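The structure appears below as structure tokens.
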């Protein structure tokens, strides 16, 4: 019997999850993260809900604001 593999997780999903987890770990609201990153609060919410196709420039701004490397924020999610 063939083993069924899970479909790969999209980059958008990985970013959203890593971003939300790290933001909460740092005790930041979406508004606070937006202010630190220099982007709009509604944009932060849309990215966390996987509704926005984000530019690499904004990924970098968010990663820096969350004290992360771009590679970390886009890293594969742990298998659960």
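The conditions of being in a helix (DSSP H, G or I) and surrounded by 12 or more Cβ atoms within 10 Å (Cβ to Cβ) are met by residue 72.
Among the conditions (1) loosely packed, with under 15 Cβ neighbours inside 10 Å; (2) outside any loop (DSSP other than H, G, I, E, B); (3) touching a helix residue (DSSP H, G or I) at 6+ places or on another chain (Cβ under 7 Å), residue 61 misses just one, which is (1).
Filtering 41, 14 for residues that are touching a residue at least 12 places away in the same chain (Cβ under 8 Å) and either crowded, with 17+ Cβ neighbours inside 10 Å or in contact with a helix residue (DSSP H, G or I) (Cβ under 9 Å, 6 or more places away or on another chain) (or both) leaves a single hit, 14. Just checking, does region 25-43 include any residue being part of a helix (DSSP H, G or I) and within 18 Å of residue 9 (Cβ to Cβ)? Within region 25-43, none of the residues are part of a helix (DSSP H, G or I) and within 18 Å of residue 9 (Cβ to Cβ).
All of the numbers you see were taken from the coordinates with simple rules; none came from a lab. No experiment lies behind these values; they were computed from the predicted model shown. Don't worry about glycine lacking a Cβ; one is built from the backbone with ideal geometry, like all the others, and counts go over all protein chains shown.
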